Structure formats: structure tokens, C-alpha cells
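*Asks:* Below: one structure in C-alpha cells.
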Amino acid sequence: VEQIWAVILEDIRGLISTEACALFLVDEDSHEFLLESVSPQEKRSVCQEEIRLQIECDMFSWVINRRQPSILPSLVFRNEKTIIMLPLSTVKRTLGAVLILTSIEEDSITRENLKLLTLLAKQCSLVMENTLLYENLRKEHESLQKAQTQILQAEKLASIGRLTAGASHEILNPLNIISSYIQFMLMDKKAGPEIMKYLNIMRGQSDR
């Protein structure tokens, strides 16, 4: 998106004299228009306030629903400056909007400039939609790879569990028999102290 914005910004400045340009993108969760980037950066608060005022007076929603670049008087600068709003829309959805702040009077903006800005907005919308679709596809692919890794890990752990259970069973069966015989031998009163000593060691080790 940053690369796309850099290209759009250059094209806009080649068409019209600007004081500030701001890119607003629609948040997928809240569906609000969030300020993504501003040039120059010190005009950030001005652009945010302009959008807020345009939303309050319903001009912003009118421009977005119209899906065409619109020329509006600036509400921040009390009609002393001009706002050009470029909706970024495709057939499927609205992706955002570009706000252009200029000192050019509304009557001085030519129809040719507006036509070129319209083409620019359409091209930008298509490129941005493809970029977002690609990003979503990449994220889904990464999630799928992660899920596959987790499944393989779970299968490995399950295999280790089965192997451990099998090995444990194979060891415990003969060990229980050995332990039982040691218990019988310890009960034999005829066994000498040295034999008892070794039997106790064997019992301790088998228990361990």
C-alpha cells in the first residue's frame, strides 16, 4: 500500500498544485475510514479534522456513495481553500478515499484535471484491491502452513506416545515378574545376610 500511495501521490502532484494529500482506508473490522498516510506529515491533524467535519455535514458519505471525484469547499479553512475528494471504489467494495487540499479556487480546477484524477482513482482502486486480495491470500496460505505443521507435530507426539506406551508395557511385564520373585526370595529365612543385601539392592533398583 505504501508503494501504491507513493506512485499516486506523485501523479496527483503532477496534475494539480497541492498543500496536502491524505490517504484514508476502510478498516475491515470497524468499516471506519482510518488515516493511513499524509503528505506532508505536519498536515495530519488538518486532514483528520477536515474528514471529521465533512462526515458531520454528510458531504463525505455523499461523495463516497456517488463514487466520483468531488470538489468541496474546505470546512477547516472556512471555504478559503478547496478540497478534492477521490473515492477509491471498485465494483465489489469501497476501499478508501484520497483527500487533496489545495489553494486553487473551485472554478479554476479544469474538467480535464478532474477527468485525469477520476482515471487515477479507478486505477488506484483496482491495484489496491488486487494488493489486498494478494495479502489476504498470503495470510491464508501462511495459516494453512502453520496448521499443517501443527498437525504433523501432533502426529509425531501421538506416535511417540504410542511408542512410549508400547515400550513401557514391554518393560513393565518382565520387571513385575522379576520384582515378584525378589519379594519371594526375601521371604526365605534361609538366605544369608549377603544374599539379603543383594536382594534388597535388586528390589530397590526394580522399584526405581
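*Asks:* List, please: which pairs have Cβ atoms under 6 Å, are six or more places apart or on different chains, and start with a residue in segment 187-207 that is modelled with pLDDT under 85 and end with one that is outside any helix (DSSP H, G or I) and open to solvent by 90 Å² or more (accessible area, probe 1.4 Å)?
*Replies:* From residues that are modelled with pLDDT under 85, there are no pairs.
*Asks:* Residues in segment 90-131 that are in contact with a Leu (Cβ under 7 Å, 6 or more places away or on another chain) and without any contact (Cβ under 8 Å) to a residue 60 or more places away in the chain: how many?
*Replies:* The qualifying residues number 4.
*Asks:* Starting from residues that are farther than 26 Å from Glu129 by Cα and not hydroxyl-bearing (Ser, Thr, Tyr), keep the ones in segment 73-92 and report whichever is surrounded by the fewest Cβ atoms within 10 Å (Cβ to Cβ).
*Replies:* Arg78
Rundown of residues vs (1) of a type in the set (D, E, K, R); (2) open to solvent by less than 70 Å² (accessible area, probe 1.4 Å); (3) under 30 Å from Val76 (Cα atoms), yes/no style:
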position: Glu112; (1), (2), (3): yes, no, yes
position: Leu117; (1), (2), (3): no, yes, yes
position: Lys122; (1), (2), (3): yes, no, yes
position: Met128; (1), (2), (3): no, yes, yes
position: Leu132; (1), (2), (3): no, yes, no
position: Arg138; (1), (2), (3): yes, no, no
position: Glu155; (1), (2), (3): yes, no, no
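*Asks:* On the given criteria, is Leu86 farther than 15 Å from Thr18 by Cα and either of a type in the set (Val, Ile, Thr) or out of contact with any Phe, Trp or Tyr (no Cβ under 9 Å at 6 or more places or on another chain) (or both)? Working first, answer last.
*Replies:* Details: farther than 15 Å from Thr18 by Cα: no; either of a type in the set (Val, Ile, Thr) or out of contact with any Phe, Trp or Tyr (no Cβ under 9 Å at 6 or more places or on another chain) (or both): yes.
For Leu86, the condition - farther than 15 Å from Thr18 by Cα and either of a type in the set (Val, Ile, Thr) or out of contact with any Phe, Trp or Tyr (no Cβ under 9 Å at 6 or more places or on another chain) (or both) - is not met.
*Asks:* Consider segment 16-36. How many of its residues are open to solvent by 50 Å² or more (accessible area, probe 1.4 Å) and in contact (Cβ under 8 Å) with a residue 12 or more places away in the chain?
*Replies:* 4
*Asks:* Here is a further query. Quick check on this structure: which one of Leu152, Leu119, Leu175 is assigned to a helix (DSSP H, G or I), modelled with pLDDT under 85 and not aromatic (Phe, Trp, Tyr)?
*Replies:* On the way: Leu152 fails: modelled with pLDDT under 85; Leu175 fails: modelled with pLDDT under 85.
Selected residue: Leu119, the only one of Leu152, Leu119, Leu175 that is assigned to a helix (DSSP H, G or I), modelled with pLDDT under 85 and not aromatic (Phe, Trp, Tyr).
*Asks:* Scan segment 61-82 and report the pairs whose first residue is farther than 18 Å from Lys115 by Cα and whose second residue is of a type in the set (D, E, K, R), with Cβ atoms within less than 6 Å and a gap of 6+ or a chain change.
*Replies:* Here the result reads Ser74/Lys81; Val76/Glu49; Val76/Glu50, each pair linking segment 61-82 to a residue that is of a type in the set (D, E, K, R).
*Asks:* Is it true that Thr164 is closer than 30 Å to Gln205 by Cβ and either open to solvent by less than 100 Å² (accessible area, probe 1.4 Å) or at pLDDT below 90 (or both)?
*Replies:* Details: closer than 30 Å to Gln205 by Cβ: yes; either open to solvent by less than 100 Å² (accessible area, probe 1.4 Å) or at pLDDT below 90 (or both): yes.
Yes.
The values are calculated or read from the model by the stated rules, or taken from the named source; none is laboratory data. Here the structure is a predicted model, which is why all the values come from computation and not from measurement. Glycine also receives a Cβ, built like all others from the backbone with ideal geometry; neighbour counts cover every protein chain displayed. Accessible surface areas use protein heavy atoms only, side chains included; no ligands, DNA or RNA. Shrake-Rupley method; radii C 1.70, N 1.55, O 1.52, S 1.80 Å.
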